[in-house]
Amino acid sequence: MKRAIFPGTFDPFTVGHYSIVTRGLTLFDEIVIGIGTNQSKKTLFSVEKRLEMIHQAFDGNPRVRVESYNSLTVDFALAVEAGFILRGLRSVGDFEYERTIGDTNRILTGLETVILFTESAYSHISSTVARDLISYGKDISSFLPPNVKI
Ligand code: ADP
């Protein structure tokens, strides 16, 4: 059984995140989406709302679970007995950050990070831009996975 975690803030969970999980299911038997809640940054969506949105996105798919955690990401991975950390990459901007945390996580525990490049149609999609649009009252349904409502 190959199990990966897909950790993130998911504020909100976007079609870009959805694509990474869907494609990750071709590599892993099970993906546990982990909503990290230990960061000092303030979020727009509550943990409960983010859990609900992700449940809507993967409604009934037995190979996808979602949990929140407030520990180190590697400790969450070990707690759910995952062997891999799945992440997505949009740009060189993402690259340096992902490399640093990927290296740190491997040095701490031996866990490998598997990175998928974004689908080009989603390279502009980010939770930050979605939140900005919301603050100006704009519709962000094209940023969200099918079936997800905010
Ligand atoms: P974090 O705060 O940990 O970066 P995010 O919720 O912003 O959490 O992102 C979680 C993961 O999803 C990260 O690996 C990020 O690079 C990736 N990601 C975010 N948006 C996209 C996208 N549009 N396409 C592919 N991967 C993405």
- Item | region 79-113, subset loosely packed, with under 15 Cβ neighbours inside 10 Å and among the aliphatic types (A, V, I, L, M), residue nearest to E30 (Cα to Cα) | A79
- Filtering region 70-90 for residues that are more than 14 Å from V32 (Cβ to Cβ) and within 9 Å of the ligand (Cβ to nearest atom) leaves a count of 3
- Message: If a residue must be among the acidic types (D, E) and assigned to a helix (DSSP H, G or I), how many such residues does region 102-127 contain?
- Response: 1
- Would you be able to say whether some residue in region 3-22 is among the basic types (K, R), away from the ligand (no atom under 11 Å from the Cβ), assigned to a strand (DSSP E or B) and open to solvent by less than 60 Å² (accessible area, probe 1.4 Å)? yes
- Task: Select from region 23-35 the residues that are farther than 20 Å from F143 by Cβ and either among the aliphatic types (A, V, I, L, M) or in a strand (DSSP E or B) (or both) and write down the one among them that is nearest to the ligand (Cβ to nearest atom).
- Result: G34
- Query: Residues of region 50-101 being part of a loop (DSSP other than H, G, I, E, B) and farther than 16 Å from I20 by Cβ, which ones?
  - Reply: D59, G60, P62, N70, S71, L72, V80, E81, G83
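Quick grid of which residues meet (1) closer than 23 Å to I125 by Cβ; (2) modelled with pLDDT of 95 or more:
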{"position": "R3", "(1), (2)": "no, yes"}
{"position": "T26", "(1), (2)": "yes, yes"}
{"position": "Q39", "(1), (2)": "yes, no"}
{"position": "L51", "(1), (2)": "yes, yes"}
{"position": "S71", "(1), (2)": "no, yes"}
{"position": "L78", "(1), (2)": "no, yes"}
- Consider only pairs whose beta carbons are under 9 Å apart and that are at least six residues apart or on different chains; among these, list those whose first residue lies in region 121-142 and is acidic (D, E) and whose second residue is not in a loop (DSSP other than H, G, I, E, B). D139/L133
- Message: I need a count of the residues in region 29-53 that are in contact (Cβ under 8 Å) with a residue 60 or more places away in the chain and either in contact with a His (Cβ under 7 Å, 6 or more places away or on another chain) or open to solvent by less than 20 Å² (accessible area, probe 1.4 Å) (or both).
- Response: 1
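The values are calculated or read from the model by the stated rules, or taken from the named source; none is laboratory data. Note that the coordinates shown come from a computational prediction; the quantities given were computed from them, not determined experimentally. Cβ sites come from the backbone with ideal geometry, for glycine too, and all protein chains shown count toward neighbours. Just the protein is used for accessible areas: all its heavy atoms, side chains included, with ligands, DNA and RNA removed. Shrake-Rupley method; radii C 1.70, N 1.55, O 1.52, S 1.80 Å.
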